[in-house]
Amino acid sequence: MPEKARQRSTQVYQHYLYTVTDSSECSSEKEEDEEPSKRLTPLEKLTLEMCKDENTVKELTVGKRVGFYKVRGQIGCGNFSKVKLATHALTKDKVAVKIMDKMRLDVQTQRMLTREISNMESLYHPNLLQLFEVLETPSRLYLILEFAGGGDLHTRISSGGKLTDLESKIVFAQILSAVKYMHENNIIHRDLKAENVLYTTNGCIKVADFGFSTKVNNRNQALDTFCGSPPYAAPELFKDDSYIGPPVDVWAMGVLLFFMVTGSLPFRADTVPKLRQSVLEGAYVLPIWVSAPCQRLIRGILKPEPSERCALDQMLGCEWLLPVELFRPIPPLYQLNPIHLLEAGPGELDRDQEEVKGILEKLGVTPEHILNNQGKRIRSPINGVYRILLHRVKRNRGAESVPSISGVVKDPKRDSLRAYRNLRHSSKLCALS
């Protein structure tokens with residue numbers, strides 16, 4: 001770094017990135033040199049390093065750092081991106097960084113990426129992979145994502161074989177909960193497959209990769225883009241006609257369930273045309289070891305006619321999932337914006353929010369930082385710090401705990417609920433509404 005820039009430490013420190021301090025807090029350069037560690041908060045130290053420290057500046061230049069994140073090795077790749085593991089330099093939390101070369105993105109891919117970011121930002125569910133922050137340089141775009149850490153469902157089954165009936169219930173129930181939440185918010189995933197179902201280190205399931213997702217005005221809106229992986233594609237996608245979004249996700253869930261309980265896909269072929277024919281014919285064989293309730297659920301999902309497939313509420317009330325205690329409170333979306341920490345009155349913040357507020361204060365994040373970053377939403381480093389901390393606190397409090405399995409006991413209340421769901425969603429006209 002040029003010597004002239006080194007001599008402007010106070011000015012750079014004052015104005016870099018967040019205006020981390022004001023002139024009243026600055027003293028002489030001599031005092032700064034004597035006792036910098038006693039006067040600087042962790043946030044101030046980090047921003048000063050990013051501006052003045054030669055090693056940190058070099059890491060930022062060569063891509064070993066992106067914003068507040070120290071980038072490590074690659075953990076995945078896609079057609080237009082690669083995914084690397086990273087650590088937040090301030091909070092020390094691990095994250096996944098999806099990196100895209102902007103020069104390689106055509107207009108359609110850019111549009112899909114914009115949709116992916118918008119859809120992920122509008123969803124907040126314990127079984128959906130969370131987007132913490134978006135960073136952009138002239139040549140690259142970075143999506144800072146929750147790091148699941150437990151591998152994906154496809155790898156687990158390919159290496160270890162089919163899941164047990166109990167394991168399948170736990171995994172499928174979480175996928176069902178996530179997809180139901182998405183559909184209630186008018187978002188269709190359109191690329192549900194085992195590779196996009198991730199495990200956390202404690203066994204929680206995360207539905208990931210929203211690259212083909214789309215938001216509809218209503219769930220009966222017609223779509224016309226072929227999306228997803230052919231082995232998971234519904235029959236209507238192979239007919240080169242418009243289709244309704246929710247039944248496409250439902251079909252893919254049926255293929256996923258078949259894969260979980262058998263270790264193989266229901267429709268297989270050497271070529272896409274042969275696979276297309278197999279899917280359109282709807283011919284598949286369920287092994288005899290699959291339990292009868294699970295077989296009934298799969299057959300209820302993998303129906304060629306979209307309107308005849310099980311509705312999501314019907315799945316929740318089916319016999320096979322009856323022992324799964326799935327119902328958990330879903331945090332409100334407003335919690336993703338730290339401004340509510342400032343607007344809440346005495347006693348209005350819950351325990352999680354109070355803990356996050358205390359951590360932010362220790363790190364040196366002030367109300368001014370939060371106010372100055374309003375309007376930036378997912379592109380704010382301060383909001384990124386907040387979302388990462390909120391996720392950590394909620395995870396430590398059990399928000400991502402695996403659903404429990406109760407004994408198969410006759411429960412009149414749950415039987416009544418199941419009967420109600422079946423009655424409510426048995427009509428073809430309301431199955432997708």
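The values are calculated or read from the model by the stated rules, or taken from the named source; none is laboratory data. All of these numbers come straight from a predicted model, not from anything done at the bench. Ideal geometry is used to build each Cβ from the backbone, glycine not excepted, and the neighbour counts take in all protein chains shown.
Among the residues of the range 353-370, the one identified as assigned to a loop (DSSP other than H, G, I, E, B) and either under 25 Å from Met120 (Cβ atoms) or within 25 Å of the chain's Cα centre (by Cα) (or both) is Val365.
For the range 94-117, a tally of residues being within 22 Å of Tyr69 (Cβ to Cβ) and either touching a residue at least 60 places away in the same chain (Cβ under 8 Å) or among the small types (Gly, Ala, Ser) (or both) returns 5.
Condition first: touching a His at 6+ places or on another chain (Cβ under 7 Å) and under 20 Å from Leu297 (Cα atoms). Can you find one or more residues in the range 182-192 that meet it? Checked the range 182-192: no residue is touching a His at 6+ places or on another chain (Cβ under 7 Å) and under 20 Å from Leu297 (Cα atoms).
Considering only residues that are part of a strand (DSSP E or B) and either out of contact with any Gly (no Cβ under 9 Å at 6 or more places or on another chain) or within 16 Å of Arg65 (Cβ to Cβ) (or both), which ones fall in the range 133-151?
Within the range 133-151, the first condition is being part of a strand (DSSP E or B), and the residues that meet it are 133-136, 140-146, 149-151.
Matches in the range 133-151: Glu133, Leu135, Glu136, Arg140, Leu141, Tyr142, Leu143, Ile144, Leu145, Glu146, Gly149, Gly151.
For the range 100-118, filtering for residues that are surrounded by 19 or more Cβ atoms within 10 Å (Cβ to Cβ) and either assigned to a strand (DSSP E or B) or at pLDDT 95 or above (or both) leaves 1.
Pairing residues of the range 367-381 that are more than 11 Å from Asn337 (Cα to Cα) with residues that are aliphatic (A, V, I, L, M), at Cβ distances under 7 Å and at least 6 apart in sequence or on separate chains, gives Pro367/Leu342; His369/Ile382; Arg379/Val134. Checked against (1) more than 16 Å from His88 (Cβ to Cβ); (2) among the aliphatic types (A, V, I, L, M); (3) at pLDDT 50 or above, Ile382 passes all but condition (1).
Within the range 166-188, how many residues are in a loop (DSSP other than H, G, I, E, B) and over 23 Å from Thr109 (Cα atoms)? Number satisfying all stated conditions: 1.
Specify which of the listed residues (Thr61, Thr19, Thr56) is surrounded by 14 or more Cβ atoms within 10 Å (Cβ to Cβ) and either under 29 Å from Leu371 (Cα atoms) or at pLDDT below 90 (or both). Just a single option satisfies the conditions, and that option is Thr56. Of all residues in the range 233-247, none that is under 13 Å from Glu308 (Cα atoms) and modelled with pLDDT of 90 or more has its Cβ atom under 8 Å from the Cβ atom of a residue that is of a type in the set (Ser, Thr, Tyr) and surrounded by 24 or more Cβ atoms within 10 Å (Cβ to Cβ), 6 or more apart or on another chain.
Can you spot a residue in the range 217-226 that is within 30 Å of Gly160 (Cα to Cα), touching a residue at least 12 places away in the same chain (Cβ under 8 Å), in the same structural domain as Leu153 (by TED's automatic domain parsing) and out of contact with any Cys (no Cβ under 9 Å at 6 or more places or on another chain)? Lay out the reasoning, then the answer.
Step one: filter the range 217-226 for residues within 30 Å of Gly160 (Cα to Cα), giving none.
Checked against the condition, which is being within 30 Å of Gly160 (Cα to Cα), touching a residue at least 12 places away in the same chain (Cβ under 8 Å), in the same structural domain as Leu153 (by TED's automatic domain parsing) and out of contact with any Cys (no Cβ under 9 Å at 6 or more places or on another chain), the range 217-226 yields no hits at all.
All of (1) in a helix (DSSP H, G or I); (2) within 22 Å of Ile175 (Cβ to Cβ); (3) in contact (Cβ under 8 Å) with a residue 12 or more places away in the chain hold for Leu280 with one exception: (2). Any residue that is farther than 17 Å from Val134 by Cβ and at pLDDT below 55 - is there at least one of those in the range 396-409? Yes, that holds for at least one residue.
Step by step: first the residues of the range 142-193, then only those that are of a type in the set (Lys, Arg) and closer than 23 Å to Arg115 by Cβ, then the one that is surrounded by the most Cβ atoms within 10 Å (Cβ to Cβ). Which residue is that? Walk me through it before giving the result.
Let us first name the residues in the range 142-193 that are of a type in the set (Lys, Arg), namely 156, 162, 169, 180, 190, 193.
Narrowing further to those that are closer than 23 Å to Arg115 by Cβ: 180, 190, 193.
Working: Lys180: 20, Arg190: 23, Lys193: 21.
So the residue we want is Arg190.
Against the numbered list (1) in contact with a strand residue (DSSP E or B) (Cβ under 9 Å, 6 or more places away or on another chain); (2) loosely packed, with under 13 Cβ neighbours inside 10 Å, Val324 comes up short only at (2). Would it be correct to say that Leu363 is surrounded by 13 or more Cβ atoms within 10 Å (Cβ to Cβ) and in contact with a Pro (Cβ under 8 Å, 6 or more places away or on another chain)? Judged against the criteria, Leu363 is a match.
How about the range 309-352: which of its residues are without any contact (Cβ under 8 Å) to a residue 24 or more places away in the chain and under 26 Å from the mean Cα position of the chain (by Cα)? Can you show your working first?
Filtering the range 309-352 down to residues without any contact (Cβ under 8 Å) to a residue 24 or more places away in the chain leaves 327, 329, 334, 340, 343-350.
Passing the criteria: Phe327, Pro329, Tyr334, His340, Leu349, Asp350.
For the range 189-209, does any single residue satisfy the condition of being in a helix (DSSP H, G or I), in contact with a Leu (Cβ under 7 Å, 6 or more places away or on another chain) and of a type outside the set (S, T, N, Q)? Among the residues of the range 189-209, at least one is in a helix (DSSP H, G or I), in contact with a Leu (Cβ under 7 Å, 6 or more places away or on another chain) and of a type outside the set (S, T, N, Q), which makes the answer yes.
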